[in-house]
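Have a look at the structure below, then the notes.
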Amino acid sequence: MSWLARRAEEGKPGVTCPPKKDPGALNVEYKREYLSEYAHLGDETNSSIAVRLREGMDKIFFEETKTRLLDRLEKALGPEGARRYGVVDDGRRPKQFRIAVPRGNIRRLDWTISAGTSKLAKTSSRTQ
């Protein structure tokens, strides 16, 4: 969700699932963006996710991650909340997935380590 929110903030389009069997099926741009966001959230560069995405993001990883995210959003927000605030597709093929909230309404909480301590501190980010 954080990756899609950041893409929306930056004015980038939604993401399209990598094709199943294609010479360029591993999406290196998605891998770079996803791992950058993942690291920003505190994961290590040698984590199982980073190892799995070493060559690029494939269809299987994309679909598994999307399914887990949609399930969790529906459980947390209910069907209507997930539709309004979650991840939606554009209804065309190939489907392009994006965050449902308009760009100007996105607010992310960034976590940073406070100077001189090991405690996390929230800093709010809002796109204008």
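The values are calculated or read from the model by the stated rules, or taken from the named source; none is laboratory data. The shown structure was predicted, so the numbers you read here are calculated from the model rather than taken from an experiment. All Cβ positions, even for glycine, are placed from backbone atoms using ideal geometry, and neighbour counts span all protein chains on display.
In the set (1) under 23 Å from E10 (Cα atoms); (2) out of contact with any Ser or Thr (no Cβ under 7 Å at 6 or more places or on another chain); (3) at pLDDT 85 or above, F61 fails one condition alone, (1). With the condition kept exactly as written, say whether any residue in the stretch 36-57 is modelled with pLDDT of 90 or more and at negative phi. The answer is yes, given that some residue of the stretch 36-57 is modelled with pLDDT of 90 or more and at negative phi.
Would you mention how many residues in the stretch 65-87 are under 30 Å from L26 (Cβ atoms), surrounded by 12 or more Cβ atoms within 10 Å (Cβ to Cβ) and modelled with pLDDT of 90 or more?
So the count comes out to 7.
Within the stretch 111-119, identify whether any single residue is in contact with a strand residue (DSSP E or B) (Cβ under 9 Å, 6 or more places away or on another chain) and at pLDDT 85 or above, and answer yes or no. If you could, list the steps in order and put the result at the bottom.
From the stretch 111-119, those in contact with a strand residue (DSSP E or B) (Cβ under 9 Å, 6 or more places away or on another chain) are 111-114, 119; that's our starting set.
Subsequent filtering for residues that are at pLDDT 85 or above retains none.
No; the residues of the stretch 111-119 include none that is in contact with a strand residue (DSSP E or B) (Cβ under 9 Å, 6 or more places away or on another chain) and at pLDDT 85 or above.
So, of the residues in the stretch 80-110 that are under 15 Å from L69 (Cβ atoms) and part of a loop (DSSP other than H, G, I, E, B), which turns out to be farthest from the chain's Cα centre (by Cα)?
Pass one, the stretch 80-110, residues under 15 Å from L69 (Cβ atoms): 81-83, 85-89, 95, 97-101.
With part of a loop (DSSP other than H, G, I, E, B) added as a condition, the list becomes 86, 95, 100-101.
Values: G86: 11, K95: 16, A100: 13, V101: 14 Å.
My answer is K95.
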